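Engineer: There's a structure below that I have some questions on.
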């Protein structure tokens, strides 16, 4: 009996069977949890060779040893999960981290040194914003924000302006943006970067849509990052991050991960293996429910504006959606008539939808970006990004859509 999958299988098939041979694990149909810190080598010479590979001393295997050494470097659960996720991303390699912020921070610190410059889109997740505006500058790394809605010409102008301060190593893009769900022109940004020498690495946070609906590596990005806590984990029971890209770039990031110690633990990887098996089914089901909820919100008299990919009258944003996306996802924001008091009244009245941060889980969640997830961003910046007092962010889960709509209807009724 052969346990080798054809390379042509779809990602959802690979997520069930790929990179694992049951006959090497007592016939267990699922990968067991490898709860171990260290592994036995066959010889001292073999172990020495693996260490050279792990620490990037062997140019043919930077950061990726042929064998198992220590779970800070590689663990079977991490390796299987990484290889299965790389298939979803159509990437050569992936790397698993302890959190989304661990993935982002390790990636940026891998490629940037004091004096280097980073361009980043805004708005971004609050933790990323803090990293860009406070921590990285304290290390001597310059950071320059552009609006996610800016076109390639505007981004190109900022690129050339930033070059006066030092080499631009990374252009970091979160698309769709959190919490406005605005889309960046990834192809245009990638083209602007390609015109520079040295070429900045385009890193894209694709947490909101993921590879079922949006594949940045096919749009010109070199590295894609996710908070795997969200729809990849999908059950609100783990914290993780993941990076995908070319062998060269991800191996270099893994070498940094080894020293910084930002890898995920085996149990988290084991839980993610469970989540990947139904990942595509879950996100597609959530999207269908979200579409029904979005149509309700768009028509409700207490809702002033809906923010949801593909639901816009902005011709530029619609063109970006049509050319870059294959679906809408399940995260949206909406502004209610009034301000913070009215938004709080709606949030406090919800019963089916839970008042909590995060997104992409099986349950529907709602929060107030301005005072919750983005509370560390300055008021002036929030005003500039369009994150207003009346905005509510809603992640639609797997409940019956009519139950979610009924809950939103009664909550919105509290403000007339």
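The values are calculated or read from the model by the stated rules, or taken from the named source; none is laboratory data. These figures come from a predicted structure and were not determined experimentally. Cβ coordinates were reconstructed from backbone atoms using ideal geometry, including for glycine residues, and neighbour counts include every protein chain displayed.
Engineer: If you go through the range 231-247, how many residues are touching a residue at least 60 places away in the same chain (Cβ under 8 Å), touching a helix residue (DSSP H, G or I) at 6+ places or on another chain (Cβ under 8 Å) and in a loop (DSSP other than H, G, I, E, B)?
Structural biologist: Start the filter on the range 231-247 by keeping residues that are touching a residue at least 60 places away in the same chain (Cβ under 8 Å), which leaves 231-236, 239-247.
Applying the additional criterion that residues be touching a helix residue (DSSP H, G or I) at 6+ places or on another chain (Cβ under 8 Å) yields 231-235, 239-245.
So of that shortlist, the ones also in a loop (DSSP other than H, G, I, E, B) come out as 231-235, 239-240.
Within the range 231-247, residues that are touching a residue at least 60 places away in the same chain (Cβ under 8 Å), touching a helix residue (DSSP H, G or I) at 6+ places or on another chain (Cβ under 8 Å) and in a loop (DSSP other than H, G, I, E, B) number 7.
Engineer: In the range 222-254, which residues are closer than 15 Å to residue 186 by Cα and surrounded by fewer than 24 Cβ atoms within 10 Å (Cβ to Cβ)?
Structural biologist: The one that is closer than 15 Å to residue 186 by Cα and surrounded by fewer than 24 Cβ atoms within 10 Å (Cβ to Cβ): 222.
Engineer: I would also like to ask the following. Please state which one of 338, 329 is outside the structural domain of residue 230 (by TED's automatic domain parsing), outside any helix (DSSP H, G or I) and closer than 23 Å to residue 287 by Cβ.
Structural biologist: Only one candidate passes the filter, namely 329.
Engineer: Follow-up. Out of the residues in the range 73-102 that are under 21 Å from residue 143 (Cβ atoms) and assigned to a helix (DSSP H, G or I), which is nearest to the chain's Cα centre (by Cα)?
Structural biologist: Looking at the filtered set, the residue picked out is 100.
Engineer: Residues that are assigned by TED's automatic domain parsing to the domain that holds residue 146, on the phi > 0 side of the Ramachandran plot and out of contact with any strand residue (DSSP E or B) (no Cβ under 8 Å at 6 or more places or on another chain): does the range 73-84 have at least one?
Structural biologist: no
Engineer: What tally of residues in the range 217-230 results from selecting those that are assigned to a strand (DSSP E or B) and at positive phi?
Structural biologist: 0
Engineer: Right, another one. Of the residues that make up the range 324-336, is at least one surrounded by fewer than 18 Cβ atoms within 10 Å (Cβ to Cβ) and more than 18 Å from the chain's Cα centre (by Cα)?
Structural biologist: No; the residues of the range 324-336 include none that is surrounded by fewer than 18 Cβ atoms within 10 Å (Cβ to Cβ) and more than 18 Å from the chain's Cα centre (by Cα).
Engineer: Kindly indicate whether any position in the range 262-272 is within 23 Å of residue 15 (Cα to Cα), part of a helix (DSSP H, G or I) and without any contact (Cβ under 8 Å) to a residue 40 or more places away in the chain.
Structural biologist: Yes - at least one qualifying residue is present in the range 262-272.
Engineer: Counting just the residues of the range 56-71 that are over 20 Å from residue 19 (Cα atoms) and surrounded by 16 or more Cβ atoms within 10 Å (Cβ to Cβ), which one comes out modelled with the lowest pLDDT?
Structural biologist: Result: 62.
Engineer: Right, something else. Restricting the range 376-410 to residues that are part of a helix (DSSP H, G or I) and surrounded by 22 or more Cβ atoms within 10 Å (Cβ to Cβ), which is nearest to the chain's Cα centre (by Cα)? It would help to see each step written out before you state the result.
Structural biologist: Going through the range 376-410, the residues part of a helix (DSSP H, G or I) turn out to be 379-385, 401-410.
Going one step further and asking which of them are surrounded by 22 or more Cβ atoms within 10 Å (Cβ to Cβ), we end up with 385, 404, 408.
Details: 385: 20, 404: 25, 408: 27 Å.
So, considering only residues that are part of a helix (DSSP H, G or I) and surrounded by 22 or more Cβ atoms within 10 Å (Cβ to Cβ), the one nearest to the chain's Cα centre (by Cα) is 385.
Engineer: Additional query: Let me confirm something: among 304, 313, 284, which residue is under 19 Å from the mean Cα position of the chain (by Cα), surrounded by fewer than 18 Cβ atoms within 10 Å (Cβ to Cβ), on the phi < 0 side of the Ramachandran plot and not assigned by TED's automatic domain parsing to the domain that holds residue 72?
Structural biologist: 284
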